[in-house]
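S.K.: Here it is, the structure in full.
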Amino acid sequence: MSAPHIAAERLGADYFQDPYSVHARLRAKRPVTPVIMPGGVPVWLVTGYAEARAALADPRLSKRMPGWHPEPDSIIATMDLHMLNTDPPDHGRLRRLVNKAFTARQVERLRPRITAITAGLLEDMADQGAQRGQGAQRGQSEVDLLASFAFPLPITVICELLGVPPADRDDFRVWSATIVSDIPAPEVFQAHATAMARYFMALLAAKRQQPRDDLLSALLAARDGEDRLSENELVSMAFLLLVAGHETTVNLIASGMLALLLNPAELARLRADPSLTSSAVEELLRYVNPVSNATFRCAAEPLELGGVRIGRGDPVLVSLSGANRDPARFGDPDRLDLGRDSSGQLAFGHGIHYCLGAPLARLEAGIAISGLLSRFGSISLAVPAASLRWRPSTLIHGLEALPVRLAP
């Protein structure tokens, strides 16, 4: 039965710093609630697990707002044609053209290279300790784990996979941070999105002339019967694969390590039993939620969800972090438990838009975390936990920096 009219609650900037307590408070009232997000967008926010899972699989919740079309030849039109922003049948067509590159078997072939990149970054961080000046403990390093490890590992992997020169990764970090942020000035967003689109246009043109053994060259040649990707679809797909291919894993590694540092008994448990690594990655996905909310959906027709009636055209935001902390699905959800059965967690979504890169993110995180714990016998925060800041993004839940001390 539909609920009576419910006043929308305005969420402030504190939502970015602690979305979990906001979700818990809202969920305690009802699992689907009207809110105004910090950026000023009114949405139905879904925080209950059962309702989130249902919404993610409901074809009535479209990736397109009824009657809305971007300006032809605009940057939005160019970057908006990837599979995460499309409904069937276009979604299935686009996904089929890239799916083969991300099967579990194909991803497993990357293990040696990911391990080698990880080892190099670990040695670089250890060397910082050896090079420190007077007053530093011998062999101890103080580094920003985000900038020194959690970011360069997945961005290097996805750049190599796509065929993007690693030297350009810092540009992509700036562009990506702007695109997933809630607070950039419109002109900054436009400039960074345009720069990324033009970059990919030039790179794809170069690969047409000289194809390589990489994913972008494969996308240029991809066929599904008589079908192929259009120029705008290629640019949009490259954008999605690069941004999604590193943002989730960057935040899983950094936020996951922070969670372990703040839960020393679980950290000791993992050190003592490395066989827990796969289970630990799954629990960290549930617990830290590197993607806080799924991308926007819009009701293509009126529907009921969680006891409320959602009107045609209403935007719906599914909170993956809210669902993963729902006590109706996960007992004592605010407790980190590396031995917990975390199967069914929604960090990678659910339904037809389930994250294509989930096997790669799991593999990278497992190698990264086990490598850190093997290389350094002591890892500790270099600043008070309360001083850490989270990025101002509705989509991503990621730290701005993670200063740590490392010792052999």
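S.K.: Hand me the list of strands (runs of 3 or more DSSP E) wholly inside the range 301-364 holding 2 or more residues that are in contact with a Pro (Cβ under 8 Å, 6 or more places away or on another chain).
M.R.: It comes to 308-310.
S.K.: Taking the stated definitions as given, is Glu282 in contact with a Lys or Arg (Cβ under 9 Å, 6 or more places away or on another chain), among the acidic types (Asp, Glu), part of a helix (DSSP H, G or I) and at pLDDT 95 or above?
M.R.: Yes; evaluated as a whole, the condition is true for this residue.
Residue-by-condition table, conditions (1) within 28 Å of Ile396 (Cβ to Cβ); (2) buried (at least 22 other Cβ atoms within 10 Å of the Cβ):
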position	(1), (2)
Phe189	yes, no
Thr194	yes, no
Arg198	yes, no
Ala202	yes, no
Ala206	no, no
Gln210	no, no
Ser236	yes, yes
Leu240	yes, no
Gly256	yes, yes
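S.K.: Out of the range 2-52, which residues are within 13 Å of Val308 (Cβ to Cβ), modelled with pLDDT under 95 and in contact with a strand residue (DSSP E or B) (Cβ under 8 Å, 6 or more places away or on another chain)?
M.R.: Those that are within 13 Å of Val308 (Cβ to Cβ), modelled with pLDDT under 95 and in contact with a strand residue (DSSP E or B) (Cβ under 8 Å, 6 or more places away or on another chain): Ser2, Ala3, Ile6, Ala7, Ala8.
S.K.: Kindly check whether there is at least one residue in the range 110-118 that is of a type in the set (D, E, K, R), at pLDDT 95 or above and loosely packed, with under 15 Cβ neighbours inside 10 Å.
M.R.: yes
S.K.: Please state which one of Pro264, Pro315, Pro274, Pro290 is modelled with pLDDT of 95 or more and touching a Gly at 6+ places or on another chain (Cβ under 7 Å).
M.R.: Residue meeting the stated conditions: Pro290.
S.K.: Name the residue that is modelled with the highest pLDDT, counting only residues in the range 125-149 that are farther than 16 Å from Val383 by Cβ and among the aliphatic types (A, V, I, L, M).
M.R.: Only one residue tops the list, namely Met125.
S.K.: Which residues, taken from the range 287-341, are over 17 Å from Ile396 (Cα atoms), surrounded by 19 or more Cβ atoms within 10 Å (Cβ to Cβ) and of a type in the set (Lys, Arg)?
M.R.: Listed by number, the list holds a single entry, Arg340.
S.K.: Still on this model: Go through the range 89-104 residue by residue and tally those that are outside any helix (DSSP H, G or I), modelled with pLDDT of 85 or more and under 20 Å from the mean Cα position of the chain (by Cα).
M.R.: Total satisfying the criteria: 0.
The values are calculated or read from the model by the stated rules, or taken from the named source; none is laboratory data. Values in this document were obtained by computation on a predicted structure and should not be read as measured data. Positions of Cβ are backbone-derived with ideal geometry, glycine not excepted, and every protein chain shown enters the neighbour counts.
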